[in-house]
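Okay, handing you the structure first.
The values are calculated or read from the model by the stated rules, or taken from the named source; none is laboratory data. As the structure is a computational prediction, the values presented were derived from the model and not from experiment. Cβ: placed from backbone, ideal geometry, glycine included. Neighbour counts: every protein chain shown.
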Amino acid sequence: MDENATLSVEEKTKKKRSSFNKILNIILLKIRDLAKLSNDTDVDATINTITKSVDFRGANLWILAFATLIAAIGLDVNSIPVIIGAMLISPLMGPINGIGLAIGITDSELLRRSLTNFCLMVAISLLASTLYFLISPLSDAQSELLARTKPTIFDVMIALFGGLAGIVAMSRKEQPFTVISGVAIATALMPPLCTAGFGLATGQMNFFLGAFYLFFLNSVFIALGTFLIVRFLKFPNRKYIDPSKSKKVSRYITLFTFVAIIPSIILAFNVIRETAFNNNAIRFINEIQESPIFDNTEIINTKKEYNREHRYITLSLIGQPLTAKDKEIIEQIKLSHGLTKTELRYKQTTFAQEPETESVIIENMLEKKDRQIAHRDSLLRDLEAEILSLKNSSQEYDKVAKEIAVQYKDVAVVSLSNMAFTKTVDLTAETLPTVYIEWKRKPSKTEREKLINWLKIRLEVERVEVIER
């Protein structure tokens, strides 16, 4: 009897597992069907569209030059709408998509044309932007220009996902124009090139190198996105009459892919490390500024330096010199933020060394103290308001309790207060008006609902918690 019972349990378990697996398979098939890209892919039209967009002749060349000038003006006057307009009309994506497609279908001729026109595109954009900034009466770097001088990991991610979105949109039978336009704005190829032109025009090579570095990373990862989707959708490789030529082309394209992609991936990892360093450094600086160590010392400037070998944070201080113990505490705070290989440098100026700055420093310290006092005053006002609110609530609840006692003769004891309730599932908490009632006689369902509805109206709340005994 026990064996039969055991077998029965095992059979039930197997049936449950089988049913669960069937449901899981149905869900997975449904998801796969929804996410399938090949249903409305138009391979021939996609190849033709990208191939045509690769060439820079006539109208495309002029449009690129005009778009570059518009972007340069937008960067110069710090106008975001103008920069967006330039990105929308710019034909920069053509050769970059062409490179990704050519690698994906092993088309050496398309790759050669794409690379040639890519170099031409870069030269035209740099020439146009450099000439503009040479004659522009505005010489100061605005915030939109400065934003394009140093890439971050987010720029790399935007370029890759933008490239993926762009080729997916272009490979549809009905190409969604809004997606393609959005990709042109998101990937932001034109502004870095114009910023590089600004660096050349003003002789600031750090601007040129940083902006061109950003443009190069964007271009490579957009092309990589195109290549990945082309291979995922299994676009047919170009066929050559001579089999030996086909193998030779495949080898050359594979070599080019490694030469182009591997350095950019290494650069991207470097960008990731630098971004992490900058974020940790900012958090570190924010924490030490609030430390009591700096009550009589002012941080007037900070500088972060990052390279493969060395990482530095320079703190320019003025006021009372830091002691060895202070620096030891700061070092511990630095380590807590993951800055293990970062060297701290101090530039200390005292009042005695610079007496003319004493009044400025005292003013800064007084402002800092004023901010701290204002913050504490704000907290005190909030506490006073909360205490007053609780006092008013208590008085109001006393009135409501008396009204309940008068209206409901079967109530023996009644008490009202605000109580906090926490859900054990997600630990979310909420405070609700809570009524504790002891009944002489247990009320009917109608009487209970009537009391709860009356309490909601009387207390002007949506929910009331009732505890009965």
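Output the number of residues of the range 277-304 satisfying the condition of being part of a helix (DSSP H, G or I) and free of Cβ contacts under 8 Å to residues at least 24 places away in the same chain.
Qualifying residue count, the range 277-304: 6.
Kindly provide the set of residues from the range 306-336 that are in a helix (DSSP H, G or I) and not polar (S, T, N, Q), ordered by number.
ALA324, LYS325, ASP326, LYS327, GLU328, ILE329, ILE330, GLU331, ILE333, LYS334, LEU335
Would it be correct to say that ILE47 is buried (at least 18 other Cβ atoms within 10 Å of the Cβ), within 30 Å of MET205 (Cβ to Cβ) and either at pLDDT 80 or above or not small (Gly, Ala, Ser) (or both)?
Taking the combined requirement at face value, the residue does not satisfy it.
To continue, here is another question. Going through the range 296-349 one residue at a time, which ones are surrounded by 14 or more Cβ atoms within 10 Å (Cβ to Cβ) and among the aliphatic types (A, V, I, L, M)?
Hits for the range 296-349 are ILE299, ILE300, ILE313, LEU315, LEU317, ILE318, LEU322, ILE329, ILE330, ILE333, LEU339, LEU344.
Being of a type outside the set (A, V, I, L, M, F, W, C) and within 16 Å of GLN348 (Cβ to Cβ) is the filter here, so list the residues in the range 296-311 that pass it.
Listed by number, the residues that qualify are ASN296, THR297, GLU298, ASN301, THR302, LYS303.
Kindly indicate which of PHE294, PHE284 is more than 25 Å from PHE269 (Cβ to Cβ) and among the aromatic types (Phe, Trp, Tyr).
PHE294
Check ALA86, ALA65, ALA72 and return the single one that is of a type in the set (A, V, I, L, M), surrounded by fewer than 18 Cβ atoms within 10 Å (Cβ to Cβ) and outside any loop (DSSP other than H, G, I, E, B).
Matching residue, one of ALA86, ALA65, ALA72: ALA65.
List the pairs whose first member sits in the range 431-449 and is more than 19 Å from TYR397 (Cα to Cα), whose second member is part of a loop (DSSP other than H, G, I, E, B) and aromatic (Phe, Trp, Tyr), and whose Cβ atoms are under 9 Å apart, counting only residues at least 6 apart or on separate chains?
Here the result reads PRO443/TYR408; GLU447/TYR408, each pair linking the range 431-449 to a residue that is part of a loop (DSSP other than H, G, I, E, B) and aromatic (Phe, Trp, Tyr).
Residue-wise test of (1) under 14 Å from ASN78 (Cα atoms); (2) modelled with pLDDT of 75 or more.
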residue	(1), (2)
SER136	yes, yes
ALA141	yes, no
PRO151	no, no
ASP155	no, no
LEU160	no, yes
ILE167	no, yes
GLU174	no, no
